[in-house]
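Quick notes on the structure that follows.
The values are calculated or read from the model by the stated rules, or taken from the named source; none is laboratory data. Every value quoted in this text rests on a predicted model; they were computed, and no experiment measured them. Neighbour counts run over all protein chains shown; Cβ positions are idealised from the backbone, glycine included.
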Amino acid sequence: MSAVLASAAVLAVSGAGCETTREQAAKFGRGGNAAFRVEGLEVRRANRDVRVVESSVISDVNGTAVVAVLRNAGRAALADVPLAMVVKGAGGRALARNDEPGLERGLTHAPLLPVGRDVPWVHDQVIVAGGRATAAEVTPGAGRPAPGDAGANEIAISAARLEGDPASGITAIANAVNRSGVAQRDLLIVCVARRGGRVVAAGRAIVPSIRAGGRAEFQVFFIGDPTGAELTFDAQPTTFD
């Protein structure tokens, strides 16, 4: 059985059910939504305070995902930090980027980077054409100062379990518990699976809404195989007041 951990500064949600990121992308694609960018992402200057301490690329029959672990080495928490991603193949050739218009914001930004904590970011909808992805380069941009009490928006992850099988697909199901007084909208939850310290699977879930003090069940669909791996969850708030 895999061990399940909640990350150190998981942040809060409550609410009325959840959607997979693929379902939400399809819904927003049909109707349009302010959560999606009209213009493509551009990071002109790297943020010297935000370090990418680890990056991984995972591929399986369902697609390709990029995992980047970010550390804010500055003096203040940052919100809505843009992340320019380049996925590379043999010889360093660029195979995919996240600068196309219309991407969901969680695929182009980190909602919150507290000071001194490692925060995982996952892009699980990478479309690679013309080669095999072998590495990823992620460049953080400026972001904006986070509210002073942003770190108080605690979200705990509980009752996590894996369901399914490698043939039909394995998912993680868990509860997000909002321990703060702030309701969340479009709460982004990422899950990274490690085996022997190596990233072997990753995925995301989005909870549309969760009231203050409430809880919501969510489901993560993985790229890669999390069987027997240690799971780390991180819930990154999008609403601070």
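Evaluate the following for Ala176: is it surrounded by 14 or more Cβ atoms within 10 Å (Cβ to Cβ), modelled with pLDDT under 95 and not in a loop (DSSP other than H, G, I, E, B)? Spell out how you get there, then give the answer.
Working: surrounded by 14 or more Cβ atoms within 10 Å (Cβ to Cβ): yes; modelled with pLDDT under 95: no; not in a loop (DSSP other than H, G, I, E, B): yes.
Answer is no for this residue.
In segment 87-106, the residues that are farther than 18 Å from Arg204 by Cβ form Cβ pairs under 7 Å with partners that are among the basic types (Lys, Arg), at six or more places apart or across chains, as follows: Gly89/Arg132; Ala94/Lys88; Leu95/Lys88; Pro101/Arg37. Considered as a group, the residues in segment 179-197 that are in contact (Cβ under 8 Å) with a residue 24 or more places away in the chain and more than 19 Å from Leu112 (Cα to Cα) include one that is surrounded by the fewest Cβ atoms within 10 Å (Cβ to Cβ), and that residue is Arg195. Scanning segment 68-94 for residues that are buried (at least 22 other Cβ atoms within 10 Å of the Cβ) and closer than 11 Å to Val126 by Cβ yields Met85, Val87.
Of all residues in segment 211-228, those satisfying the criterion of being crowded, with 23+ Cβ neighbours inside 10 Å and more than 18 Å from Leu107 (Cβ to Cβ) are Ala216, Pro226.
Remark: Ile170 falls outside the filter, which requires a residue to be surrounded by 17 or more Cβ atoms within 10 Å (Cβ to Cβ), aliphatic (A, V, I, L, M) and closer than 30 Å to Arg93 by Cα.
Looking only at residues in segment 121-133 that are β-branched (Val, Ile, Thr) and modelled with pLDDT under 95, the one that is farthest from Lys88 (Cα to Cα) is Ile127.
Residues checked against (1) β-branched (Val, Ile, Thr); (2) under 23 Å from Val220 (Cβ atoms):
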residue	(1), (2)
Gly74	no, no
Gly89	no, no
Arg97	no, no
Glu100	no, no
Glu104	no, yes
Thr108	yes, yes
Val126	yes, yes
Gly143	no, no
